[in-house]
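The next block holds one structure in the form of structure tokens; read it before the comments.
The values are calculated or read from the model by the stated rules, or taken from the named source; none is laboratory data. Keep in mind that this is a model prediction, so the values were computed, not measured. Cβ placement follows ideal geometry from the backbone for every residue including glycine, while neighbour counts extend to all protein chains displayed. The protein model used for the area step is the full one, side chains on, heavy atoms only, and it has no ligands, DNA or RNA in it. Shrake-Rupley method; radii C 1.70, N 1.55, O 1.52, S 1.80 Å.
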Amino acid sequence: MTVEMTVREALNRALDEELARDPSVFLLGEDIADPFGGSWKVTKGLSDKHGIARVRNTPISESAIVGAAVGAALAGMRPVAEIMYIDFLALCADGIVNQAAKFRYMSGGQVSVPVVFRTQGGSGRSTAAQHGQSFESWFTHVPGLIVVMPSTPSDAYGLLKSAIRDDNPVLFIESKMCYAQKGPVPRAETAVPLGLADIKRRGRDVTIVAIGAMVAEALAAATELADDGIEAEVIDPRTLVPLDKVRILESVSRTSRAVIVHEATKRSGWGAEMAALIAEEAFHDLDGPVVRVAGANTPIPASPMLEALHRPNAARIAAAVRRLLA
């Protein structure tokens, strides 16, 4: 049994259930309490239900939010800290990269840091160069940090529950263009395991690995390609760290072709890591080069028309597949 929800509603439900389940869980961030309910309205209604001690507004200081969250996690709580834009992680990277991600290793496993850093990234709303970037590849480079990037309501719901329950620090990246996307979510409480990719569409001719908002674009491209008799398999890793490379490599071995899609600029983006992985571990299964479809190597324009040129879409993905198969 399922219920239709948006990604925003699914995230809200996950937070609501985890607050009710575990008294050590609490939320903190800028304007997340009611009546505002956060800039993205993911936390709306939660402070009215659970109280302002557990859904806490903070000063406008990302470094303070992260520092307080890490300290609370070290003291035995399970904080979920909201950073309004992924761009702002540049202001508090030390707390995530050098503190949260390192404590367990540096203490020989004696200390855990069960904290979730919720943030949102990606372009598509004309928020320009400082509010529309995609920095997932920065953080997949950090040992000790789990990186999650859901694309559907059911995945957002189940993965957030797993992230909150995990004893390691988790960076939970929500794509801003996915918030209004609707889809089925299980009626029963269901956690989605971290580190397990999902095949969103089966195919035999090419594997498209897409993340975040690009999953919907890849699925649209696959529908377009099917009209030409090209059956594309679309895989959503869901968690970038840990990565389900077994499922991805198995798909590439079957289709013999791979296209990687992400919003971030192409240079040194997450797709480069995927291309290297496939080249190292599935080279002899390939019938062509690994292709990347990604954002342009420029700051993100404010102009909607220029932003559309910067951002990958279904047409560009389909064109890349056709060139590869040709």
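Within the span defined as region 264-275, every residue fails to be more than 30 Å from Ala128 (Cβ to Cβ), modelled with pLDDT of 95 or more and among the acidic types (Asp, Glu). Restricting region 234-289 to residues that are assigned to a loop (DSSP other than H, G, I, E, B) and among the polar types (S, T, N, Q), the residue that is nearest to the chain's Cα centre (by Cα) is Ser268. Restricting region 292-326 to residues that are of a type in the set (Gly, Ala, Ser), touching a residue at least 24 places away in the same chain (Cβ under 8 Å) and closer than 24 Å to Met274 by Cβ, the residue that is surrounded by the most Cβ atoms within 10 Å (Cβ to Cβ) is Ala318. Of the residues making up region 109-165, those that are part of a helix (DSSP H, G or I), without any contact (Cβ under 8 Å) to a residue 60 or more places away in the chain and either over 25 Å from Asp198 (Cα atoms) or under 11 Å from the mean Cα position of the chain (by Cα) (or both) number 0.
Table: residues versus (1) free of Cβ contacts under 8 Å to residues at least 60 places away in the same chain; (2) part of a helix (DSSP H, G or I).
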| site | (1), (2) |
| --- | --- |
| Val3 | no, no |
| Phe26 | yes, no |
| Ala33 | yes, no |
| Val97 | yes, yes |
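Being of a type outside the set (Val, Ile, Thr), open to solvent by less than 10 Å² (accessible area, probe 1.4 Å) and under 24 Å from Val97 (Cβ atoms) is the requirement here; does Leu159 meet it? Criteria met by Leu159. Scanning region 41-63 for residues that are crowded, with 21+ Cβ neighbours inside 10 Å and farther than 23 Å from Val113 by Cα turns up Val42, Leu46, Ser47. Considering region 20-37, the residues that are farther than 21 Å from Gly67 by Cα and not basic (Lys, Arg) include one that is nearest to the chain's Cα centre (by Cα), namely Gly37. For Ala20, the requirement of being open to solvent by less than 30 Å² (accessible area, probe 1.4 Å), assigned to a helix (DSSP H, G or I) and over 23 Å from Gln133 (Cβ atoms) is not met.
Scan region 111-131 for residues that are at pLDDT 95 or above, buried (at least 18 other Cβ atoms within 10 Å of the Cβ) and more than 21 Å from Thr43 (Cα to Cα) and jot them down. Hit for region 111-131 is Val113, nothing else.
Pairing each residue of region 237-266 that is free of Cβ contacts under 8 Å to residues at least 12 places away in the same chain and more than 19 Å from Val321 (Cβ to Cβ) with any residue that is open to solvent by less than 20 Å² (accessible area, probe 1.4 Å) and of a type in the set (D, E, K, R), provided the two are 6+ apart or on different chains, yields no C-beta distance under 8 Å.
Checked against (1) open to solvent by 10 Å² or more (accessible area, probe 1.4 Å); (2) in contact with a helix residue (DSSP H, G or I) (Cβ under 9 Å, 6 or more places away or on another chain); (3) over 16 Å from Val291 (Cα atoms), Thr239 passes all but a single condition, namely (1). If you go through region 75-89 and keep only what is outside any strand (DSSP E or B), of a type outside the set (Phe, Trp, Tyr) and open to solvent by 10 Å² or more (accessible area, probe 1.4 Å), you end up with Ala75, Gly76, Met77, Met84, Asp87. Are any of the residues in region 237-247 farther than 24 Å from Trp138 by Cβ and either at pLDDT 95 or above or touching a Leu at 6+ places or on another chain (Cβ under 6 Å) (or both)? For region 237-247, residues farther than 24 Å from Trp138 by Cβ and either at pLDDT 95 or above or touching a Leu at 6+ places or on another chain (Cβ under 6 Å) (or both): present. Applying the criterion of at least 2 residues that are of a type outside the set (Val, Ile, Thr), modelled with pLDDT of 95 or more and surrounded by fewer than 17 Cβ atoms within 10 Å (Cβ to Cβ) to the strands (runs of 3 or more DSSP E) found wholly in region 166-214 leaves 182-186. Taken over region 90-110, the criterion of being over 21 Å from Glu30 (Cβ atoms) and open to solvent by 50 Å² or more (accessible area, probe 1.4 Å) is satisfied by Asn98, Lys102, Phe103, Arg104, Tyr105, Met106, Gly108, Gln110.
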